[in-house]
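Single-structure report; data block below.
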There are 2 protein chains.
Amino acid sequence: MTLKLDKVNRGPHLSTLVASSISREIAQGRLKPGDQLPTEQALATTFGVSRNVVREAIARLRSEGRIWSQQGRGAFVADATNATVLTIDYETLQRADSFRNLFELRGMLEVQIAALAATRRSDADIEAMEQALDGMRTAPYGSVAWLKNDLGFHRAVAEATRNPYMGQFLVFVSERVRESILAAGNQQKSDDMARTTLGEHERILTAIKAGDAKGASAAMTRHLAGAASRVGLPGGDAEAASPARHSRLRKAMRGRAAG
Amino acid sequence: MTLKLDKVNRGPHLSTLVASSISREIAQGRLKPGDQLPTEQALATTFGVSRNVVREAIARLRSEGRIWSQQGRGAFVADATNATVLTIDYETLQRADSFRNLFELRGMLEVQIAALAATRRSDADIEAMEQALDGMRTAPYGSVAWLKNDLGFHRAVAEATRNPYMGQFLVFVSERVRESILAAGNQQKSDDMARTTLGEHERILTAIKAGDAKGASAAMTRHLAGAASRVGLPGGDAEAASPARHSRLRKAMRGRAAG
DNA sequence: TCAATCAGGGTTGTATGATAACACGACAAG
DNA sequence: CTTGTCGTGTTATCATACAACCCTGATTGA
């Protein structure tokens, strides 16, 4: 009876294993949309767990929109587009190219967000950004407090867009990127990096303060390129995400008050 | 005992009600990160359900990263940044401004995706786009087949970026936008719209074929502006998401083969 | 005094059986 | 052909029991 699923003792709950197992069947196409899943009883016996565990797994998949179930009928695989949540599973996150791809996506979001923020920011937004910058100045580079204020700055920029989804998506992607960095474990820190990073942030803030959309996106592009090289990524990667690049941003950044 | 919740609130399961109830407590700050949840037994009695139902709710919240639990200790509220899934709850989706905000986010993604796709597309990607366009040509405007191919086109563009997250995010956001449109229920269709929409898609494809990043993003911007006005949104909204606007895209689009 | 050990209660994780609600097909009655 | 009933299978929920684990505090030994 107690089969413990030989694999991992470190393993999470049995319901998680069952859920990801079913999830994999769906992802790999062995269970197509509309197909009926085996009965809970059958799943329980095939996995060697209790029906309760199977139900917890089912509940989880149902909440993710991957399957739907009806009392008296059974459980069925839902259409892929019906997924109500966006999730990046842990295994994929570990792969090397995931990091690069996530970073690219993040850059895409951030550069646009910076431009939008420059046109819509309020005084309270500026206040929040400056507060986050102050927090970064007083915390040692790479510390928890530093990271918290770093994320706080970017979130403040996102919230200045007056579009709550911007912040929601950006924070989500940024956290995945951070997880990926931690998984790779290849970061080295120096005092130079702290100064450089702070300077990049300040340039972003200056442009946003001035209402300079192109300058803000340009500054953000440079910041992301710097961050990329800081974590060991070819720096010029965010290029395609930079809208105002070849054009005359110097003109846009000239003659504007630093505030 | 427990209110059956007359409105069809996303699922008649008790575990769903319990999960959203706890989730609300967290969202409204009555349960702060680090706080310990009541014991499963206590939750069961307060909600008037069995401990099994509570466990299904807990499993769901745990899979979303909202709480974490350890055997023998209890369940605790996790940091907000630890959420492993991105979810847009149904209530927020119904609000009027959600539609506008989601559409803006989608535009932001798509315009950049189009530019990237133009520089990275393969022959197979072009093939997929053309196939989707053919599907749109033969299906009546607004039909299920039409919508399916429409989404297929945009997904093909996203997949041409060689970054799987692009497609993942885009499809997710697009589906939420579609849900929001359906919830509002204010779309009217005509033959003109079909032709216009098809033309916009064709221009996008032409630019991507030619490897013209700026042309692709410009065409996508125009398409999104058209789509916005088609669903009753002020058309100029995607402006900030348009990188190549004032600059000379005519020059970029000149002298390139239509394919 | 101090440290290690151990026993006990509390909590989550899992197993098991039972009951209620519901869907669907078979089948008989009209 | 239609309708109503019933039996079977499935999910939804309940209830209980045990196992695994954490924490605390008392006991024990030096």
Subset of region A:144-175, residues assigned to a loop (DSSP other than H, G, I, E, B) and either more than 9 Å from chain B (Cβ to nearest Cβ) or among the basic types (Lys, Arg) (or both), comes to A:160, A:162
All conditions in (1) within 14 Å of chain A (Cβ to nearest Cβ); (2) surrounded by fewer than 20 Cβ atoms within 10 Å (Cβ to Cβ) are true of residue B:112 except (2)
So for region A:38-49 (the condition being more than 9 Å from DNA strand C (Cβ to nearest atom), more than 29 Å from the chain's Cα centre (by Cα) and part of a loop (DSSP other than H, G, I, E, B)), does at least one residue qualify? yes
The number of residues in region B:66-76 that are away from DNA strand D (no atom under 16 Å from the Cβ) and either open to solvent by less than 50 Å² (accessible area, probe 1.4 Å) or polar (S, T, N, Q) (or both) is 1
Scanning region A:181-218 for residues that are open to solvent by less than 50 Å² (accessible area, probe 1.4 Å), among the small types (Gly, Ala, Ser) and part of a helix (DSSP H, G or I) gives A:194, A:199, A:207, A:213, A:215, A:216, A:217, A:218
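Output the number of residues of region A:50-86 satisfying the condition of being within 14 Å of DNA strand C (Cβ to nearest atom) and among the hydroxyl-bearing types (Ser, Thr, Tyr).
Pass one, region A:50-86, residues within 14 Å of DNA strand C (Cβ to nearest atom): A:50-60, A:68-76.
Remaining after also requiring among the hydroxyl-bearing types (Ser, Thr, Tyr): A:50, A:69.
Within region A:50-86, residues that are within 14 Å of DNA strand C (Cβ to nearest atom) and among the hydroxyl-bearing types (Ser, Thr, Tyr) number 2.
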Residue A:141 fails exactly one of (1) in a helix (DSSP H, G or I); (2) touching a residue at least 40 places away in the same chain (Cβ under 8 Å); (3) open to solvent by 20 Å² or more (accessible area, probe 1.4 Å), namely (1)
Scanning region B:35-65 for residues that are more than 13 Å from DNA strand D (Cβ to nearest atom) and away from chain A (no Cβ under 11 Å), the one surrounded by the most Cβ atoms within 10 Å (Cβ to Cβ) turns out to be B:37
Inside region B:40-76, the number of residues satisfying the requirement of being of a type in the set (Val, Ile, Thr) and touching a helix residue (DSSP H, G or I) at 6+ places or on another chain (Cβ under 6 Å) is 4
Reported set for region A:199-222 where residues are within 22 Å of the chain's Cα centre (by Cα) and under 19 Å from residue A:143 (Cα atoms) is A:200, A:201
Output for Cβ contacts, cut-off 8 Å, separation at least six or different chains, first residue under 20 Å from residue A:87 (Cα atoms) in region B:42-71, second within 7 Å of DNA strand D (Cβ to nearest atom), reads B:56/A:55; B:56/B:13; B:56/B:15; B:57/B:15; B:60/B:15
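Criterion first (open to solvent by 10 Å² or more (accessible area, probe 1.4 Å) and either at pLDDT 95 or above or under 19 Å from residue B:219 (Cα atoms) (or both)) does residue B:178 satisfy it? Reasoning before the result, please.
Working: open to solvent by 10 Å² or more (accessible area, probe 1.4 Å): yes; either at pLDDT 95 or above or under 19 Å from residue B:219 (Cα atoms) (or both): no.
Judged against the criteria, residue B:178 is not a match.
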Checking B:19, B:27 in turn, the sole residue that is of a type outside the set (Ser, Thr, Tyr), open to solvent by 70 Å² or more (accessible area, probe 1.4 Å) and within 17 Å of residue A:85 (Cβ to Cβ) turns out to be B:27
Counted residues in region B:79-122 being assigned to a loop (DSSP other than H, G, I, E, B) and either modelled with pLDDT under 95 or within 16 Å of DNA strand D (Cβ to nearest atom) (or both) come to 6
Of (1) touching a helix residue (DSSP H, G or I) at 6+ places or on another chain (Cβ under 7 Å); (2) more than 9 Å from chain B (Cβ to nearest Cβ); (3) among the polar types (S, T, N, Q), residue A:138 satisfies every one except (1)
Those residues of region A:219-231 that are under 24 Å from residue A:124 (Cα atoms) and either part of a loop (DSSP other than H, G, I, E, B) or open to solvent by 30 Å² or more (accessible area, probe 1.4 Å) (or both) come to a total of 0
> Could you say whether any residue in region A:123-132 is away from chain B (no Cβ under 14 Å), touching a residue at least 40 places away in the same chain (Cβ under 8 Å), assigned to a helix (DSSP H, G or I) and open to solvent by 40 Å² or more (accessible area, probe 1.4 Å)?
Replying inline: yes
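The values are calculated or read from the model by the stated rules, or taken from the named source; none is laboratory data. Just so we're clear, the structure is a prediction, and the values are computed from it rather than from any experiment. Using ideal geometry, Cβ is built from the backbone for each residue, glycine included, and neighbour counts are taken over all protein chains shown. Ligands, DNA and RNA are excluded from the accessible area calculation, which covers all protein heavy atoms including side chains. Shrake-Rupley method; radii C 1.70, N 1.55, O 1.52, S 1.80 Å.
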